[in-house]
Amino acid sequence: MPCRSEDGRAFSLDTYLERLHQNSGSDNDILKSKNRSICTTVVDLFQRRYYTLEAVLEKHAYDPLFPFVYMYRIAGNTEDPLVSFHFHDWYELVVVHEGRGHFFIDKHVYPMEKGQIFHISGEIIHKAIPDQKEPFLCSVLLFKPTLIHSKELNESFSYFDPFLKNGFTSRLPQAGFKEIESFLEQMDEEKKEWKGKGSKHALQLYLHWILLILNRESKELLPPEASTTSSRRESWMNEVLLFIDETMWKEQLTLEKLAKEALVTPEHFSRTFKKTTGFTLPQYINLKRLIKAKELLKTTDYSISYIADICGFKSLSYFHTLFRKGIGTTPRKYRTDHSDKQP
């Protein structure tokens with residue numbers, strides 16, 4: 001998402017870093033911004049950026065005892081977007097208030113329209129792409145599962161149900177959506193004023209209410225964009241992304257092979273893939289394989305060489321090089337750091 005100065009103008013990560021460099025050592029206006037916490041996050045994002053893969057492992061500054069990040073009514077920026085292909089281990093809710101766009105999630109492209117709510121669990125590649133003429137306006141809630149009460153009360157119910165369904169987006173009846181928007185506004189007021197006693201409890205309660213409404217009133221689980229409103233390019237690319245996801249673990253996929261499967265020229269395939277996803281084909285496949293490798297390092301005792309092999313990397317040295325550039329550490333160190341943590 002874009003960072004904003006005090007006058008409300010959006011600016012990119014590169015612009016932000018350039019201004020910081022120009023004003024280093026001085027009391028510049030950016031550091032005094034009301035959105036200082038967001039800007040700090042942007043710098044952290046930059047430090048963890050996938051230079052090779054052009055995606056980011058998103059990081060946020062937060063209270064370890066209160067793992068919650070909230071961004072209210074953020075406008076999609078069509079001219080100067082932050083590098084935003086990313087993944088993280090947070091649970092994420094995106095509520096679309098106005099406008100339009102597309103949301104690339106995992107291996108699907110979804111339309112973004114007023115009234116939609118996206119629910120994304122951890123370690124999934126995603127990026128919101130605003131419409132050029134009518135960019136979306138949305139609110140984003142990020143939280144760790146530890147923030148949500150999960151005590152069983154003799155009901156077949158879980159606050160995490162929306163994240164466990166076979167889809168990433170749903171639509172509520174108008175009344176339910178309006179109720180969620182009301183809670184979001186109250187959360188923003190609570191967060192801005194930080195009323196002190198009970199503020200964190202209030203935010204936590206609002207989050208639980210939003211998840212409860214989403215569980216109760218979500219009637220229509222929307223499929224990826226494949227309807228008559230989608231373009232031929234988007235529908236075609238959804239099939240390609242599904243094919244890649246099913247096949248990339250079994251064999252080495254090349255541009256020529258995928259173009260042949262799609263019945264298009266390699267040049268046309270390459271242009272369309274980049275335009276739709278923002279990635280080149282090797283970048284996309286390497287990122288997917290790295291995410292799988294991270295999961296296996298955390299949850300299995302497989303050897304590092306075996307993980308590199310089953311994730312489809314050509315050699316152990318290539319796997320080490322990409323992992324270090326992408327994650328910022330070695331596979332062995334990553335496993336050690338996460339050995340006592342839940343995946």
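Some notes on this structure:
- Shown is the FRET efficiency for residue 189 and residue 314, computed with R0 = 45 Å from the Cβ-Cβ distance and rounded to the nearest 0.05: 0.25.
- Table column - 3J(HN,Hα) (Hz), the range 303-314, Karplus curve with 6.51, -1.76, 1.60, x for Gly and Pro: 5, 5, 5, 5, 4, 4, 5, 6, 8, x, 7, 5
- Average projected area [Cα convex hull, the range 71-133], square nanometres: 4.2 nm²
- Structure note, pairs 114/200; 292/325; 292/314; 127/192: Cα-Cα distances above 20 angstrom occur for 114/200; 127/192.
- Residue 200 accessible area, 1.4 Å probe, all protein chains in place, Å² to nearest 10: 80 Å²
- Across the range 110-175, the volume of the C-alpha convex hull divided among the residues equals 133 Å³ per residue.
- 1.4 Å probe accessible area per residue over the range 97-179, in Å²: 47 Å²
- Backbone phi angles across the range 258-273, fed through the Karplus curve with coefficients 6.51, -1.76 and 1.60 (θ = phi - 60°), yield HN-Hα couplings of 5, 5, 5, 4, 8, 6, 9, 6, x, 5, 5, 4, 4, 5, 5, 4 Hz in residue order; Gly and Pro are listed as x.
- When 324, 171 are compared by accessible surface with a 1.4 Å probe, the order from highest to lowest is 324, 171.
- Potential lengthening between residue 179 and residue 330 on full extension [0.36 nm per residue; Cα-Cα distance subtracted]: 49.8 nm
- Taking the alpha carbon gyration tensor of the range 292-343, multiplying each eigenvalue by 5 and rooting it gives semi-axes of 17, 13, 8 Å, largest first.
- Stretching residue 133 away from residue 300 to a fully extended chain increases their span by 55.4 nm, per 0.36 nm per residue minus the current alpha-carbon distance.
- Solvent-accessible area assigned to carbon and sulfur over the range 266-327 amounts to 52 percent, based on a 1.4 Å probe.
- With all pairs of separate Cα atoms included, the range 248-343 yields a Kirkwood hydrodynamic radius of 14.5 Å.
The values are calculated or read from the model by the stated rules, or taken from the named source; none is laboratory data. Computed from a predicted model, the values in this text were never measured in an experiment. Glycine gets a Cβ as well: all are built from the backbone with ideal geometry, and neighbour counts include every protein chain shown. Quick note on the areas: whole protein, heavy atoms, side chains included, nothing else; ligands and nucleic acids left out. Shrake-Rupley method; radii C 1.70, N 1.55, O 1.52, S 1.80 Å.
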